[in-house]
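Structure first, commentary second.
The values are calculated or read from the model by the stated rules, or taken from the named source; none is laboratory data. The structure displayed is predicted, hence computed values, not measured ones. Neighbour counts are summed over all protein chains in view; Cβ atoms, including those assigned to glycine, are modelled from backbone coordinates with ideal geometry.
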Amino acid sequence: MILLCLNLVLITAVVISHVHLPQAYAQVRPYDYLLLPGKLQTDTDVVWVIDMGTRQLTSCIYNKNTRRIEFSEVIDIAFPVGP
């Protein structure tokens, strides 16, 4: 009985190693988004989020009073290239 269970575990391990399970990716390319932590005031923590693909900036603030995450407006930070 023990040998039968051991064989089933080994067969399952071999089958799982050859089956490709679907995977989730947070970012397709590296450095699509930059996250920069900081402080606005002594009690307020902020995370600035920069989208490198569209060159946009937004901030994410955790409001401790309402226990909610708030996002600011999106700002376009693309710089013109050349004179």
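Summary table
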| item | result |
| --- | --- |
| Count of residues meeting criterion [at pLDDT 80 or above, over 13 Å from the mean Cα position of the chain (by Cα) and among the hydrophobic types (A, V, I, L, M, F, W, C)] in segment 3-35 | 11 |
| Filtered residue count, segment 36-48, keeping only those that are of a type in the set (A, V, I, L, M, F, W, C) and either touching a helix residue (DSSP H, G or I) at 6+ places or on another chain (Cβ under 7 Å) or at pLDDT below 85 (or both) | 1 |
| Check on Asp51, surrounded by 11 or more Cβ atoms within 10 Å (Cβ to Cβ) and at pLDDT 85 or above | yes |
